Number of protein chains: 2
Amino acid sequence: MVRLQGVVRLGQPRWLLPAASAALNETAGQMELLRSCYTATARNYQTSAKSEASASAWSSWPQQRVIQLLGAGATLLAAAMLSPAPATAKKEIAILPGSKPPAPAMSTSKIHPPAEKPQPVVPAEEPAAPAASPSKDLRDDKGRPIYTREEVAKHKTPRDRIWVTYKEGVYDITEFVEMHPGGLSKIMLAAGGSVEPFWALYQQHRKPEVLGILEPYRIGTLEGGAAAAASAAAAAAVDPYASDPARHPSFIPRSERPYNGETPGTLLAASPITPNEIFFVRNHLPVPHVDAASYKLKVEGEGIRSLELSLEELKSRFRKHTVTATIQCSGNRRNEMSLVRHVKGLSWDQGAIGTAVWGGVRLRDVLKVGRLSEDDMHVRHIQFEGYDKDPASEEIYGASIPLHKALSLYDDVLLAYEMNGQPLSADHGAPLRVVVPGVTGARSVKWLRRIVPSSSESPSHWQQRDYKAFNPSVDWDSVEWGSAPALQEPPVTSAICEPAPGTSVSLADGEITLRGYAWSGGGRGIIRVDVSADGGKSWTAAKLLPPAPGAPPHGSYSGAWAWTLWEVSSAAAEGTSSPTLELVCKAVDSSYNNQPDSIGPIWNLRGIVNNAWHRVNVKLES
Amino acid sequence: MVRLQGVVRLGQPRWLLPAASAALNETAGQMELLRSCYTATARNYQTSAKSEASASAWSSWPQQRVIQLLGAGATLLAAAMLSPAPATAKKEIAILPGSKPPAPAMSTSKIHPPAEKPQPVVPAEEPAAPAASPSKDLRDDKGRPIYTREEVAKHKTPRDRIWVTYKEGVYDITEFVEMHPGGLSKIMLAAGGSVEPFWALYQQHRKPEVLGILEPYRIGTLEGGAAAAASAAAAAAVDPYASDPARHPSFIPRSERPYNGETPGTLLAASPITPNEIFFVRNHLPVPHVDAASYKLKVEGEGIRSLELSLEELKSRFRKHTVTATIQCSGNRRNEMSLVRHVKGLSWDQGAIGTAVWGGVRLRDVLKVGRLSEDDMHVRHIQFEGYDKDPASEEIYGASIPLHKALSLYDDVLLAYEMNGQPLSADHGAPLRVVVPGVTGARSVKWLRRIVPSSSESPSHWQQRDYKAFNPSVDWDSVEWGSAPALQEPPVTSAICEPAPGTSVSLADGEITLRGYAWSGGGRGIIRVDVSADGGKSWTAAKLLPPAPGAPPHGSYSGAWAWTLWEVSSAAAEGTSSPTLELVCKAVDSSYNNQPDSIGPIWNLRGIVNNAWHRVNVKLES
């Protein structure tokens, strides 16, 4: 209750009535995250008329909807908690929402085996590291066995027993998981690893009672100590990835070196603002560690007076702006394209996308201080360079955007130092990154080193020979990179986040509830999401959930940088005789752009901009 | 040769070598039209870097391509001219390019039967007026028979004989058509009507020799005189459409009152700039006649100092800008949508689109003189009112665009008084119209009366309850107009202009040549056009023809207001055993938006924004 009252004191959400508090208690941690977004957005409310409209939409969310959304998996799985414990792995999958296997628990240790050779620029998916040898003969000072993290990681199912760690303790919680107040699906995300990252996310765990519940399940102690730390330091000296930060274990990793991980669908659809901890990570290279105190942004190039600005100068000399914007990887939903014909690249599902309230200064304002003129017809592009560097070739990550995008009063391009009210994390570009709203993620350069106005686009690999799409007849042997423009604004897209593919759906109440997101490039708002439960024969318009805090109303012609979450309860499956349903969604943006029906005709060798209808097959239970 | 030399003197097209002159002679008229566009664009070349790039692209057109394009049907039909005269109507259709029946010849007389009642706002397609009684017993002073226009209009095929008129003369040219230097298809556009509008378009006819060729075919005299004029004046007094201007007979009319007519596909694909005379006409109401000398534009509303500007003041007080922009009707390609399920509206084929070089002043500049501020967060829209008025309800035509579009330095919204270097014609909005590049035609208000900055959109029928699209499940009994935004930027589209549906195609040389256009809203350039000859199974990238004069390079992210013409020779039909081929085109814009595969899922009750793949079935001749 304490945290909930904290939210109420902000005076924003009127729907937090006492009667709802009990139900909301279990999700108070998630509320806390949203509260930080509110705080970041509150300043915006004071100065911007368009924010007022959406603040009002936000505070008018019906109470019941909030319980539904914030409770997320918990509400959905109440029934599962009351049913007998799953006996087989197969049955377990049917109970867990999401067909994706639980994400392998990430080690929070920084120990990595040294790389065999410098990593190639094109990221490869790597198999998990082999398990270390068991250490069952070791005992702690209380006579309890000592386990390695690798041993703990093998215990992720009821059959193998479900183990977790908290600080140095190892716990077998197999008998507890069904009783977890937050639901089975949430606690299973921690299976085989540490509960700490989840407890940080869902802060209702920060109570002595919770430790009191956990302690009786302790079975041993985690191996660790001085030797492990020394080993980590030695590895860091030769491995450019050794100092990468720890990531939240709910991520579904798509490659480890460089690290790329996406957000599971059920978490994505749970909130219009994606919590920082679970915001997808897309790294092209090892994470650079840039010292904020000594940081200097360089601005130099054609048609501009050279500048060098410290982070403090950026914060004090320029007006702060906040922008609620979605960032999406160009390869989001690539895995579906590979089903048509194999494509190279990270095999993203629909979770390489997220939405945050970004805080920083306008690129336009910085360029104006450098006296870059709109009338300079020579300068056509603004190039960005990051601090991230290829360990082998020393190539620096770079990208560019057209001048008009950088200078337009309406395009809100930011040099951001904040993400949802927090300083940027190492994975998201600390201390300063570019956020180009409405443009594919690859142009929002992280760990920003230099801004270069130029007559030409960025010469970098990622601008010139990547993130471009071609005719389905063009393959690696025939591609002419120069013949297509670099992707900037992506096309309209949408995805079903719930139910996940393969989920068993009960038709007892004659309805299926679908949830998902829709988004388009260029600030084109979403005007409609159509959903079909019969593979696209008939369509129902989904309910568009209120815009994210700070976002303009639905259907805006410009400035709609954030996605639109939607949901619909479909009764279309009534009377069906098929054992499966093909659920489909497609969105329409304010330019009345529609998604293409099928993937084949938009297939491209890099597997980018897959915005065909999103299809999810689910099993019917009578 | 005289006219060709005229073009050469402008110093632009270097490809006009003497060797090409003979071949070009027959199309010199079309050249003349292009020349006027050049003149209009020439000023632009002096001041704008982006124009220089395209001027260079334009002048580098290969000589052979110019002959092909400007010669249009002539080249294609050379073979037909050498073959025996067609004996049957069926055979004739196979020879004429384009499956559309020749456009009914429009009367140049202003005599119309009085309207039974004031015309409804929603335009209706009307049948042609019934033919008047014959007058074969009348003779002129030389004893030749006197014919009415209606009698002449019955003679449009070799079987019925092919008649045309020139001034007061009636000619039977059945024996001449195969010898026409400009090709059979061109002269057949005049069959049953006057040759004069065509001779105005193809000015090589303005030579005494041409009349010398025509005169021997004279068979009579056209009925006319004082009585007809009196009758026209009487009709004008009661009929709001009686003073509508004459239209070019090559138009395919879709309604007469109000007049709506589209450009045939073969003429569309022939030139990147559409000649004014054949630029599609989309009128919602009777054409108002506004006196240019006494014209005053009113600017008044919220957040602006009221202005009243004469045409002369607009021309002298503001800098002139030219913008090459495509205008497309929201209902272009509606006829295909009606094949899925009937929709209300004009049954446009793919010809409700055209491209011109518009000359005028920037709306932005006028608003700035009125001191409208970008910081005025109250004003969100710029409303426009026309002089055209519903004769029954007196409702004025109106529309609006978002403020950011009106004020952006990059959006080029014009108050235009010129079209391809000529003053606006009555049908195209004389003396002043709005041209909103990248936005659907309905917002480019013609006969502009008033500009009104406002916190709300135009209250007009056409903004509030028309030009919006809904889910395919929404029909007239369930539509909620307020639930969808008014169409502004249309989605990416494309069409095959040649061959026309049903055309017989010879596979003797193993190739089919397709030509067409592609365009997208919002200034998003076309980056690719994919063409299929097997219904969409396999795709070939078409060749994009050089940008229109004044347009930026292909694939531009912004400011690409003009369409892209394309062509491709496909060999995909080899080895086919089917008697028909399904040709398909789809375009990709610089936001990598694709066209949807099929029409059903984008069907909407008003039949607008049909941008599904364009499909054309042709017959194969072995």
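The values are calculated or read from the model by the stated rules, or taken from the named source; none is laboratory data. Please read all numbers here as calculations on a predicted model, not as lab measurements. Cβ atoms come from the backbone with ideal geometry, glycine included; neighbour counts cover every protein chain shown.
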Discussion item. Just to check your reading of the model, which residue among A:Glu209, A:Glu215 is among the charged types (D, E, K, R), modelled with pLDDT under 85, in a helix (DSSP H, G or I) and not assigned by TED's automatic domain parsing to the domain that holds A:Gly351?
Written reply: A:Glu209
Practice prompt. Could you list all residues from the range B:589-604 that are of a type outside the set (Phe, Trp, Tyr) and out of contact with any Ser or Thr (no Cβ under 9 Å at 6 or more places or on another chain)?
Written response: B:Asn594, B:Pro596, B:Ser598, B:Ile599, B:Gly600, B:Ile602, B:Asn604
Discussion item. So, in the range A:316-355, how many residues would count as being touching an Asp or Glu at 6+ places or on another chain (Cβ under 7 Å) and among the acidic types (Asp, Glu)?
Written reply: 1
Worksheet item: Do we find that B:Trp566 is farther than 20 Å from B:Trp348 by Cα, of a type in the set (Phe, Trp, Tyr) and out of contact with any Pro (no Cβ under 7 Å at 6 or more places or on another chain) in this structure?
Response: yes
Item to complete: Could you run through the range B:180-197 and say how many residues are closer than 16 Å to B:Glu168 by Cα and at pLDDT below 85?
Response: 2
Practice prompt. Could you please find all residues in the range B:579-622 being part of a loop (DSSP other than H, G, I, E, B) and of a type in the set (A, V, I, L, M)?
Written response: B:Ile599, B:Leu605, B:Ile608, B:Val609, B:Ala612
Item to complete: Could you check the range A:401-514 for strands (runs of 3 or more DSSP E) lying wholly inside it with 1 or more residues that are more than 28 Å from A:Ser243 (Cβ to Cβ)?
Response: A:448-454, A:493-498, A:504-506
Worksheet item: Do the conditions hold for A:Gly398, that is, is it in a loop (DSSP other than H, G, I, E, B) and either under 14 Å from A:Gly360 (Cβ atoms) or more than 11 Å from every other protein chain (Cβ to nearest Cβ) (or both)?
Response: no
Worksheet item: Residues in the range A:517-557 that are of a type in the set (Gly, Ala, Ser) and either closer than 30 Å to A:Lys405 by Cβ or more than 12 Å from every other protein chain (Cβ to nearest Cβ) (or both): how many?
Response: 12
Worksheet item: With respect to A:Arg362, is the statement that it is farther than 29 Å from A:Pro258 by Cβ and within 27 Å of the chain's Cα centre (by Cα) true?
Response: yes
Worksheet item: Take the residues of the range B:301-323 that are part of a strand (DSSP E or B) and in contact with a helix residue (DSSP H, G or I) (Cβ under 7 Å, 6 or more places away or on another chain): which is surrounded by the most Cβ atoms within 10 Å (Cβ to Cβ)?
Response: B:Thr322
Response to the item:
So the strands (runs of 3 or more DSSP E) completely within the range A:251-300 holding 3 or more residues that are of a type outside the set (D, E, K, R) and in contact with a strand residue (DSSP E or B) (Cβ under 8 Å, 6 or more places away or on another chain) are A:259-262
Discussion item. Cβ-Cβ distance below 8 Å, separation of 6 or more or different chains: which pairs start in the range A:171-185 with a residue that is surrounded by fewer than 20 Cβ atoms within 10 Å (Cβ to Cβ) and end on one that is among the charged types (D, E, K, R)?
Written reply: A:Asp172/A:Arg161; A:Thr174/A:Arg161; A:His180/A:Lys186; A:Pro181/A:Glu26
Discussion item. Can you confirm whether B:Ile602 is within 12 Å of chain A (Cβ to nearest Cβ), crowded, with 24+ Cβ neighbours inside 10 Å and over 23 Å from the mean Cα position of the chain (by Cα)?
Written reply: yes
Worksheet item: Among the residues of the range B:297-314, how many are among the charged types (D, E, K, R) and either farther than 26 Å from B:Arg380 by Cβ or touching a His at 6+ places or on another chain (Cβ under 9 Å) (or both)?
Response: 3
Discussion item. Residue under question is A:Ser538, and the condition is that it be touching a helix residue (DSSP H, G or I) at 6+ places or on another chain (Cβ under 6 Å) and touching a residue at least 12 places away in the same chain (Cβ under 8 Å); does it hold?
Written reply: no
Worksheet item: Would you call A:Lys207 more than 19 Å from A:Thr266 (Cβ to Cβ), charged (D, E, K, R) and either surrounded by fewer than 20 Cβ atoms within 10 Å (Cβ to Cβ) or touching a helix residue (DSSP H, G or I) at 6+ places or on another chain (Cβ under 9 Å) (or both)?
Response: yes
Practice prompt. State the number of residues belonging to the range A:373-394 that are surrounded by fewer than 17 Cβ atoms within 10 Å (Cβ to Cβ) and touching a Lys or Arg at 6+ places or on another chain (Cβ under 9 Å).
Written response: 2
Practice prompt. Among residues belonging to the range B:404-443 that are hydroxyl-bearing (Ser, Thr, Tyr) and in contact with a Gly (Cβ under 8 Å, 6 or more places away or on another chain), point out the one that is surrounded by the fewest Cβ atoms within 10 Å (Cβ to Cβ).
Written response: B:Tyr410
Worksheet item: Pick from the range B:476-516 the residues that are exposed (fewer than 14 other Cβ atoms within 10 Å of the Cβ) and acidic (Asp, Glu): which of them is nearest to the other protein chains (Cβ to nearest Cβ)?
Response: B:Glu480
Worksheet item: Within the range A:558-570, which residues are farther than 16 Å from A:Asn593 by Cα, part of a loop (DSSP other than H, G, I, E, B) and within 13 Å of chain B (Cβ to nearest Cβ)?
Response: A:Gly559
Worksheet item: Given the conditions (1) surrounded by fewer than 24 Cβ atoms within 10 Å (Cβ to Cβ); (2) in contact with a Gly (Cβ under 6 Å, 6 or more places away or on another chain); (3) on the phi < 0 side of the Ramachandran plot, which single one is not true for B:Lys543?
Response: (2)
